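Every read-out reported here was derived from the displayed coordinates using simple, explicitly stated rules and does not represent laboratory data. For clarity, every value in this text was computed on a predicted model and none was experimentally measured. Please note: Cβ atoms are built from the backbone with ideal geometry, for glycine as well, and neighbour counts cover all protein chains shown.
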Amino acid sequence: MRLGDIIEVSSADRYIAKLADEEVGFIGQFVSIPTKDSVIIGVIDEIAHSVREEMLGFLSPDKKIKYQPYIEDYKNSYAIIRGLGRLSDEGDETDRCTIDKPPHIDDPVESASNDEIARFHTVHGRPGAPYLRAMQDLLDVPVIVSMTKQIEAAVPESGDMLHLVRRYVKRT
């Protein structure tokens, strides 16, 4: 499912996407960003909703009808995405947790499928999340907990390990 488009690339592993709808996306959701030679797997770190400043005076419920042309576009929703790594079409697993080329402006952001989550978290046939330790200080606890639940749904054999990770993260 398409969530939106990249509107800003702050660094190789941090992007901002404008969401197509304020009802899509959630904190800790895995996303995939198709690029020319690979797919970047990331996670939604934050979501922000804003209202165009010039519309602030027109937002009372009884006056919305009067400003009908602006009803659809007076508010914006943004997702801040932390890039985790890439899935290469060649099946290269060696540099999975590095992003050598960030996405471009207007690249689509899609919800990562269970297959993509499983491929990203399976290295040499074994489940793993080598990036998780490094990201522990960068991501909030609710983000990591949500990520582990999605990984567990995609890679059920990793359930015991992820249960321990959740307990450890919630304690720190």
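Some observations on this one:
- Residues whose placed amide H lies under 5 Å from that of residue 46, excluding near-sequence neighbours: 80
- Using the Karplus relation 6.51 cos²θ - 1.76 cosθ + 1.60 with θ = phi - 60°, the per-residue 3J(HN,Hα) values for the stretch 6-19 come to 5, 10, 8, 10, 7, 7, 5, 10, 9, 9, 10, 10, 8, 6 Hz, with x marking Gly and Pro.
- Other residues lying with their Cβ under 13 Å from the Cβ of residue 14 contribute a combined charge of -3, Lys and Arg counting +1, Asp and Glu -1.
- Derived scalar couplings ³J(HN,Hα) [the stretch 153-166; Karplus, 6.51 cos²θ - 1.76 cosθ + 1.60; whole Hz; x for Gly, Pro]: 5, 7, 10, x, 5, 8, x, 5, 4, 5, 4, 5, 4, 4
- Charge sum, other residues only, whose C-beta stays under 13 Å from residue 80's C-beta, Lys/Arg counted +1 and Asp/Glu -1: -2
- For residue 4, the residues 5 or more places off, or on other chains, whose built amide H falls under 5 Å of its own are 20, 109.
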